[in-house]
Amino acid sequence: MLLSVSLFPNSSSSFATVAFAFPKVHGVFRPSIRFKVHGFLNKPLESSSGPASNQPSVILDSLRVLEWDKLCDSVAAFAGTSLGKEALKEQLGYLNQTFEESLGLLEETNAAVEMNKYGAMVDFNGIDIELVKTAIRVARRGFPVSGTEALNVVALLQFVEMLQANVKAAVKQDAEWYQCFMPLTEMIMELTISRSLVRFIQQLVDEDGSVKDSASSALKQSRDQVRLLERKLYQLMESIIRNGMEEASAMEVSEIDGRWCIRSGFNQRTSFEGLLLSSASGTGSVVEPLSAVPLNDALQQAKASVSKAEADVLLKITQKMQEEIDYIESIFSMMVRLDVINARAQYSLAFGGACPDLFLQQEQDSFVATDASLDARTSVALHPTRKKWTVYLPKAYHPLLLQKHQQALQKAMKDVKNANAEIRRRKQQGGNITLRKETNVNLQSLEAKVAKLKEEPPVPVDIYVAHNTRVLVITGPNTGGKTICLKTVGLAALMAKSGLYVLASESVKIPWFDFVFADIGDEQSLSQSLSTFSGHLKQISKIRSHSTDMSLVLLDEVGAGTNPLEGAALGMSLLESFAQSGTLLTIATTHHGELKTLKYSNHSFENACMEFDEMKLKPTYRILWGIPGRSNAINIAERLGMPDVIVHKARELYGTASAEINEVILDMERFKQNFHEQVHESQRLLKLTKGLHHKLLIARKNVKEHSINQRFRKEQEISEAAAVARSSIQRRARQYRAISSQPSQKILGSNGHTSTMKSEAKEEKGEISEATPAVYSPSTSRLPVSAKRRKLPNVGDSVHVPSLNKQALVLKVDPSREELLVQAGNMKLKLKLTDVLA
């Protein structure tokens, strides 16, 4: 969490030191990282006394050839504040992070990425962080802050308040966002916002940074006095100019150092007395009328009173800020840090990066030792990610090349947009037809340029280095992409260590390297002289002395610049020494064919080559793994039209054995290409199958939920219908029991009442039959009859059921119980003999 921020206003190189401490990650507490937020923003990063300048020269040279400084500038451009840019450059220049600190940086970047995707992050561009820093420094000294500085302090507090509100809204919507935004959640929510300070400043300072008239009575009186005096002076000046009508056209009211005066033309005489304030040849003279002197003096005094009253109000703001100065400094330092984190996330999102799976090689070694049997049982060809890779970078881009391509594409698209606007403008104005045709031609060329840029994006490289590989030898033609491949790996390692996403199309896996050493030179621009050769050897010697078992070493064209035989021997010896010294990973490019053979005598070596399209005579920039590069010079010469005599002679001199080796290598390349195509097709089908399986699971879940909902709805409907039927039956039962308890003659004599009850019974029975057609209670339909015994009907007879007012067919007769089973319409009822009429 945020610890402290200290400002040193009296220092000649004023800066703020921001101390950050990170929460626990993976059970390990990360120690604090300190970096300086410099006040002098025009000071270049290289000249600062930051951590990078204390690195050994071999590391600085390695960063220079990898162009790490350019990448740092590219990432810093995504910061929203000037201090954030400088702080981010220093953080990226600090390459002494421990493994736990690197994990903490990646965790912060992940949180910021999630906040940006959700929309919880707030734009930093609305705050002038320099004015906030100045306000804090001035308030510390006890001097009055300016209105603009006070407003930026308010903007800072409102920024954090809005950020807290966004986080709260996200957590309220789904509690899981709290963990997704960690560790930024705690850092943001623990800050204390002084709303009283915000209201206090807003009451005294207007939106333009000026002090309000209502801030104090003295200020209002002084400003009213100033306005009154200015009005009087204006009227006086107008009167003086009107009195000299013949001179009025050449005179105008002017203000010099706050004093109202009249400016007249060159060599023009004035008809009023006054004080000459200035006069120059060709520009006329400035005169203060004597009648305006007392008013001008009073105006100066009134303005001084205004300044004093404003200073008193601003001093009140300073005193109020001093009460909250520690909280303001904490928020200030948090904002700088959050700007740094958000810039890393914005860069990663802008270029489509993937969060790296960063690991320690020692832990990976122990994991592989305990799970060594897994690879023996699993097909690595079909599941390459299951193999224990040291480096796994599928479709990785060189960040600077990708940025350059995107900038070129954006510029081309902007040019097309401007050309279309120009065409529309000329059509509306009806301009020259020739110019319109030229514009159309220019538009077509620009559209073709955009199409070409879209069709030819930078080619990503696949870097797969197996766990047991310590030295990788890459061969291939000049301009084939070997150097770009080295730089891509080196920059990916530095980016992962510094908390940045790696620019790759898929998730990547890369070890944590303590140092990245590089000896890279453009062979095409270097003269192959002894001095150049000696410089490379000196750099490699430094690399070998500083590298550890956690280092990454990148060597470009090892052994070049001298006699080929001696260079090859020296290159083989150097690479074997790196393998024996225990360097975690060494990647070298070479033209020497002898270095390809190291793989077959040392299992720590692996070969790869840059693919070359012999039909198009240009490289494809793709890497073929496990295959040593072959020579293409003679074949290329033949395709370019070299005489057959020369080509055949060259092949004879080159040797039949070498030609046969090239044929074997060619077969291996073809086999490898077919293999990779099949693997990619298998991966595509596997991905498609997973997608279909996922959709099937969703459909199954939806069907199950629909079935449950339907069953619940039906059960609810049946329950409601049963409740209605039960209530009706119970009510009618009570009514009939009450009727049966009365004398039959009284009931039969009460025609009106009986008919009413029958009508109600009919309606109720209708309701009951609709709700519960299979439910019937004999007690609900029993009517009183005479005591005379009735004759039992026979099966098939038709009887009348008074309770239903319907005819029913007798289905069954039970003489012992005097019961009948009848059917009335769709209903089957069991009734007593007394319930029916013959």
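Indicate the gyration tensor shape class of the stretch 551-649 (rounded, prolate or oblate), computed on the Cα atoms with a ≥ b ≥ c the square roots of the eigenvalues: a/c under 1.5 is rounded; otherwise a/b larger than b/c is prolate and the rest oblate.
prolate
Would you mind calculating the gained length between SER601 and LEU811 on full extension (0.36 nm times residue separation, minus the Cα-Cα distance), in nm to one decimal?
Stretched fully, the SER601-LEU811 segment lengthens by 65.3 nm.
Roll a 1.4 Å probe over the protein chains and send me the accessible area per residue for the stretch 295-351 in Å².
35
Can you sort TYR654, TYR501 by solvent-accessible area, 1.4 Å probe, largest first?
Largest to smallest exposure gives the sequence TYR654, TYR501.
When only the heavy atoms of the protein chains count and the probe is 1.4 Å, how do GLU717, GLU818 rank by accessible area, highest first?
My answer, sorted largest first, is GLU717, GLU818.
Can you work out the Karplus-derived ³J(HN,Hα) for every residue in the stretch 336-342? Use 6.51 cos²θ - 1.76 cosθ + 1.60 with θ = phi - 60°, whole Hz, and x for glycine or proline.
With the stated coefficients, the stretch 336-342 comes to 4, 5, 5, 5, 4, 5, 5 Hz.
Probe 1.4 Å, all protein chains in place: accessible area of ARG64 in Å², nearest 10?
In the full protein context, ARG64 sits at about 150 Å².
Please give the net charge around MET121, taking every other residue with its beta carbon less than 12 angstrom from that of MET121, where Lys and Arg add +1 and Asp and Glu add -1.
Combined, the nearby Lys, Arg, Asp and Glu give -2.
For labels at LYS417 and ASN442 in the simple 7 Å Cα→Cβ model, what's the distance in nm?
With each label placed 7 Å out from Cα toward Cβ, I get 1.8 nm.
How much of the calculated P(r) for the stretch 551-590 lies past 13 Å, in percent of all Cα pairs?
Of all Cα-Cα pairs in the stretch 551-590, 49 percent lie more than 13 Å apart.
Quickly work out the THR192-to-SER727 label distance, labels modelled 7 Å from Cα along the C-beta direction, and quote it in nm with one decimal.
That separation, rounded to one decimal, is 6.0 nm.
Quantify, in whole percent, the carbon and sulfur part of the accessible surface of the stretch 692-739 (1.4 Å probe; protein heavy atoms only).
The nonpolar share, carbon plus sulfur, comes to 59 percent.
Heads up, I need the accessible area for CYS355: 1.4 angstrom probe, whole protein in place, Å², nearest 10.
For CYS355, the solvent-accessible surface is approximately 50 Å².
Sort the stretch 56-110 into rounded, prolate or oblate with this rule: let a ≥ b ≥ c be the square roots of the eigenvalues of the Cα gyration tensor; rounded if a/c is under 1.5, and if a/c is not under 1.5, prolate when a/b is larger than b/c, oblate otherwise.
oblate
Per the 1.4 Å probe, what fraction of the accessible area of the stretch 43-162, in percent, lies on carbon and sulfur atoms?
After summing per-atom areas, the C and S share lands at 52 percent.
Under the classification rounded if a/c is under 1.5, otherwise prolate if a/b is larger than b/c and oblate if not, where does the stretch 534-608 fall, given a ≥ b ≥ c as square roots of the Cα gyration tensor eigenvalues?
Because a/c hits 1.5 or more and a/b fails to exceed b/c, the stretch 534-608 counts as oblate.
Please report the antiparallel percentage of DSSP beta bridges with both residues in the stretch 542-633, rounded to the nearest 5.
55
What is the calculated FRET efficiency for TYR234 to ASP123, with r their C-beta to C-beta distance and R₀ = 30 Å, to the nearest 0.05?
0.10
Give me the extension gain from ARG141 to LEU697: residue separation times 0.36 nm, minus the current Cα-Cα distance, reported in nm with one decimal.
In short, 193.5 nm is gained.
Using a Förster radius of 25 Å, what is the FRET efficiency between TYR327 and GLN407 based on their Cβ-Cβ separation? Nearest 0.05, please.
My answer for the efficiency is 0.05.
Report the FRET efficiency, 1/(1 + (r/R0)^6), for ALA77 and PHE359, where r is their Cβ-Cβ distance and R0 is 41 Å, rounded to 0.05.
Computed FRET efficiency for ALA77 and PHE359: 0.85.
Give the ranking of SER82, SER707 by solvent-accessible surface, highest area first, calculated with a 1.4 Å probe.
Greatest to least solvent exposure: SER707, SER82.
Which value, in Å² rounded to 10, gives the accessible area of ASP462 with a 1.4 Å probe and all protein chains present?
40
The values are calculated or read from the model by the stated rules, or taken from the named source; none is laboratory data. This is a predicted model, so every value here is computed, not measured. Note that we place each Cβ from the backbone using ideal geometry, even for glycine, and neighbour counts take in every protein chain shown. Side chains are part of the model used for accessible areas, which takes the heavy atoms of the whole protein and leaves out ligands, DNA and RNA. Shrake-Rupley method; radii C 1.70, N 1.55, O 1.52, S 1.80 Å.
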